[in-house]
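The values are calculated or read from the model by the stated rules, or taken from the named source; none is laboratory data. The structure presented is a predicted model; accordingly, all values stated were derived computationally and were not measured. So basically every Cβ, Gly included, is an ideal-geometry build from the backbone, and we count neighbours across all protein chains shown.
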Amino acid sequence: MNLKQHWENVFTTKQVNEVSWYQPTPQESIDFIQQLGLSKKASIIDIGGGDSFLVDHLLNMGYTNITLLDISQAAIDKVKNRLGEKANRVTWIVSNILDFKTNIQYDCWHDRAAFHFLTTAEEVASYLAIAQKNVKPAGKMIIGTFSDNGPEKCSGLPVKQYDETLLSNTLQKWFEKIKCITTNHITPFKTVQNFLFCSFQKLST
C-alpha cells in the first residue's frame with residue numbers, strides 16, 4: 001500500500017473521532033494563529049489538515065482566505081460535507097505536500113502533524129524548499145509535531161520526533177523561531193501524546 005492509499009483507507013474506514021489526532025477544538029493551532037496578529041484576509045494554508053476542525057474554527061473567526069491541503073480526497077470530502085455551503089469559501093487541494101506546486105504565496109503556513117511523517121533528510125529538505133518558496137517574505141509558519149517525549153509511530157507509520165532546538169535548527173536556513181511550547185494531546189482513546197508547537201517567521205533573503 002502506498003502513502004496515498006494508506007491515508008485514503010484511514011479516512012474511508014475511520015470516523016472523525018476514531019483517530020488519535022481528533023480535536024473538536026484545536027486550541028494550540030488557534031492560539032498560535034491569533035498570536036501572529038494576521039488580518040482576517042490573510043492567506044492561510046493548512047498542510048495535511050485531514051478532517052481537522054481547524055478550518056471550521058477559522059471560518060467562524062472570520063478568516064476569509066483559507067486553503068486546506070491533504071493527500072486524501074476522502075479526508076477533504078469529509079470536511080466539505082461537514083461545512084456544507086461554507087465549503088465554497090475554502091480552497092481545497094488534494095496532494096502529497098512533497099508534490100505540491102503553486103505560484104501562490106501564503107501569509108501563514110500551518111502544519112499540525114504532517115511534518116513529523118517526513119523521516120528522511122531528503123524529505124525534510126524537499127518540504128522546506130516548497131515551504132520557503134510558497135511563504136511570503138516575512139510570512140509565518142506554525143509547525144506542530146511530536147516532541148522528543150511523543151510517540152514513535154502514528155497511524156502505523158514511523159515519525160520523527162523533535163525538541164525545540166532540533167526543530168529550530170532544521171528550519172534555520174529559511175525561518176527564524178518566534179515561540180515554542182510543548183503540550184499534551186489527549187487522544188479519543190485516553191492516551192497522552194506530547195507535542196511541540198513552534199511559530200517561525202520567514203527570513204529576508
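With the checklist (1) assigned to a loop (DSSP other than H, G, I, E, B); (2) of a type in the set (V, I, T); (3) buried (at least 17 other Cβ atoms within 10 Å of the Cβ) in hand, flag the one item T25 doesn't pass. Of the numbered conditions (1) assigned to a loop (DSSP other than H, G, I, E, B); (2) of a type in the set (V, I, T); (3) buried (at least 17 other Cβ atoms within 10 Å of the Cβ), the odd one out for T25 is (3). Close contacts from the range 188-205, counting a first residue that is in contact (Cβ under 8 Å) with a residue 40 or more places away in the chain and a second that is part of a loop (DSSP other than H, G, I, E, B) and among the charged types (D, E, K, R), with Cβ to Cβ under 9 Å and a gap of 6+ residues or different chains, come to N194/D148; L196/D148; L196/D163.
Here L58 fulfils each of the conditions (1) under 21 Å from G144 (Cβ atoms); (2) surrounded by fewer than 21 Cβ atoms within 10 Å (Cβ to Cβ); (3) hydrophobic (A, V, I, L, M, F, W, C) apart from (2). From the list K101, K40, the one residue that fits, being in contact with a Gly (Cβ under 6 Å, 6 or more places away or on another chain), assigned to a loop (DSSP other than H, G, I, E, B), modelled with pLDDT of 95 or more and surrounded by fewer than 21 Cβ atoms within 10 Å (Cβ to Cβ), is K40. In the set (1) loosely packed, with under 13 Cβ neighbours inside 10 Å; (2) more than 25 Å from T12 (Cα to Cα), the condition left unmet by T191 is number (2). Cβ-Cβ distances below 7 Å connect the following pairs, each with a first residue in the range 111-125 that is closer than 24 Å to P26 by Cβ, a second residue that is among the hydroxyl-bearing types (S, T, Y) and part of a helix (DSSP H, G or I), and a separation of six or more residues or different chains: R112/S29; F115/Y127; L118/Y127; V124/T170.
The single residue among D51, D77 that is surrounded by fewer than 18 Cβ atoms within 10 Å (Cβ to Cβ) and under 18 Å from the mean Cα position of the chain (by Cα) turns out to be D77.
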